[in-house]
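> Structure incoming, see below.
The values are calculated or read from the model by the stated rules, or taken from the named source; none is laboratory data. Computed from a prediction, not measured in an experiment: that's the story for all the values here. Methodologically, a virtual Cβ is constructed for each residue, glycine included, from the backbone with ideal geometry; neighbour enumeration extends over all protein chains shown.
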């Protein structure tokens, strides 16, 4: 079964294009400097339309998660993490933690993680793995 | 709103609850509505306002043969009915309608005439949460909890204890789905759904419904049942995506809604005799007790463990058994309201002796929305 994938909108296209290009793109307000997510063409902090897209570090920490023991058919058969990472730039983002056992012992809150883009057809999803070094 | 200006004069659940394979969603709404009208001594032609979620108020009004001058289709998840009560109180005070019917019906288990769970892949949730394998609430509502536990040094046992104590209340309720006592070990040994959540930390999935009828306090005295007055109300919303909650250890919507309701009611926490906190999962009463101000941050688990919310405790909580043991058709808020009304009428199966003030707090979506209603039986 094919993975459930996003349908970009005009307001989010830059984010998904960035994933394909290997960049985690966030937006920041040029008036109040607030970095925010998910994408929108104005600042949810102050309402300004003066915002810019920039390439984020792709680094963060594991903020919280569950391990789903009843995976959706498109997610395979094994228990897997559904996680939220807190990005170095501030926002939180849902993802999967890959590249480590999907166990409470391996998935420790606050452990450093880094983005890795996984391609599904025409889409690349931002997944995270334990940071290397 | 003006304190005690509006009252509940009709309240009922569906005739059957649990597994109802022979009724569609809209019929569950109607069954509950007809029971509530019988409770209030009213006919459909006496109702001039309708409010519901799930079904549309248009569908409801037409199905029941009601011609309303007020319709509220606010649909923000399981606490929608708290918001309907709040809006109805304002509408009655403003003269938009005199007698407002609020209904819930859901074929959560049997799925008769029910819609699907499909989500638009272009919505923000469809783009930024669905690709990572979230399914139903057990994989979304639960996501903040490990952060909460770590922040306050709590454990899975603390979550399990919530379910254990609510089962004690359910044992006193003949209509509860699950009545047999359970232990912390039973909860921790029940099937793993989404770590750290086991099956017995998650709500039931059932069929059923409920309905309320509200009118002005002046008229309420002429109805057959003891009026239950609305003393204070609150509502708020935060985010459609659980991953975007501002604080994983506290719900902003809970804090805003709860404070508004307490301010309106002009009461202190010590005045509260009975409390309902929508418990779709075992962590909800912990967040609710803290965000409503009954406990300091991180102290709700000890408050429950020390039996303050149990039978005989100083703050009886979820006295019907809650969504964990009583019933949960999908949008549980209506059943929490029904239990508050029963407690204020003095007819609950696990009646809190002499209760005069009941706080009923609901959640919608995955910490997306909240509604709080404070009732009293003193006019």
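> At pLDDT 95 or above and either surrounded by 23 or more Cβ atoms within 10 Å (Cβ to Cβ) or under 29 Å from residue B:288 (Cα atoms) (or both), is that true of residue B:90?
Criteria met by residue B:90.
> Looking at region B:247-279 only, could you name the residues that are surrounded by fewer than 24 Cβ atoms within 10 Å (Cβ to Cβ) and part of a loop (DSSP other than H, G, I, E, B)?
Matches in region B:247-279: B:247, B:248, B:249, B:250, B:266, B:267, B:268, B:272, B:273.
> Right, next: So, restricting to helices (runs of 4 or more DSSP H) that lie completely within region B:290-379, which ones have at least 1 residues that are surrounded by fewer than 24 Cβ atoms within 10 Å (Cβ to Cβ)?
The qualifying helices (runs of 4 or more DSSP H) are B:300-305, B:333-345.
> Every residue in region A:2-32 that is closer than 18 Å to residue B:120 by Cα and either in a loop (DSSP other than H, G, I, E, B) or more than 14 Å from every other protein chain (Cβ to nearest Cβ) (or both), please.
Result: A:2, A:3, A:4, A:5, A:6, A:7, A:8, A:9, A:10, A:11, A:12.
> Here's another thing I want to ask about it. Conditions first: (1) surrounded by fewer than 22 Cβ atoms within 10 Å (Cβ to Cβ); (2) in a loop (DSSP other than H, G, I, E, B); (3) away from every other protein chain (no Cβ under 13 Å). Residue B:176 passes all but one, so which condition is the exception?
Here residue B:176 meets the rest and fails (1).
A quick yes/no check of all residues on (1) within 30 Å of residue B:45 (Cα to Cα); (2) within 14 Å of chain A (Cβ to nearest Cβ):
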{"position": "B:181", "(1), (2)": "no, no"}
{"position": "B:195", "(1), (2)": "no, yes"}
{"position": "B:198", "(1), (2)": "no, yes"}
{"position": "B:201", "(1), (2)": "no, yes"}
{"position": "B:208", "(1), (2)": "yes, no"}
{"position": "B:212", "(1), (2)": "yes, no"}
{"position": "B:236", "(1), (2)": "no, no"}
{"position": "B:244", "(1), (2)": "no, yes"}
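> Here's another thing I want to ask about it. For residue A:6, are the conditions met, namely being over 17 Å from the mean Cα position of the chain (by Cα) and either farther than 30 Å from residue B:151 by Cβ or crowded, with 21+ Cβ neighbours inside 10 Å (or both)?
Criteria not met by residue A:6.
> Give the residues of region A:99-115 that are over 26 Å from residue A:33 (Cα atoms) and either within 10 Å of another protein chain (Cβ to nearest Cβ) or in contact with a strand residue (DSSP E or B) (Cβ under 9 Å, 6 or more places away or on another chain) (or both), sorted by residue number.
Selection gives A:99, A:100, A:102, A:103, A:104, A:106, A:107, A:108, A:109, A:111.
> Which one of these is under 21 Å from the mean Cα position of the chain (by Cα), modelled with pLDDT of 95 or more and surrounded by fewer than 18 Cβ atoms within 10 Å (Cβ to Cβ): B:78, B:73?
B:73
> Still on this structure, I have one more. If you go through region B:146-157 one residue at a time, do you hit one that is crowded, with 21+ Cβ neighbours inside 10 Å and free of Cβ contacts under 8 Å to residues at least 60 places away in the same chain?
yes
> Counting just the residues of region B:128-144 that are more than 7 Å from every other protein chain (Cβ to nearest Cβ) and under 17 Å from residue A:63 (Cα atoms), which one comes out surrounded by the most Cβ atoms within 10 Å (Cβ to Cβ)?
B:141
> Among the strands (runs of 3 or more DSSP E) contained in region A:33-98, which hold 2 or more residues that are within 9 Å of chain B (Cβ to nearest Cβ) and either surrounded by 14 or more Cβ atoms within 10 Å (Cβ to Cβ) or in contact (Cβ under 8 Å) with a residue 60 or more places away in the chain (or both)?
A:59-68, A:80-87, A:92-95
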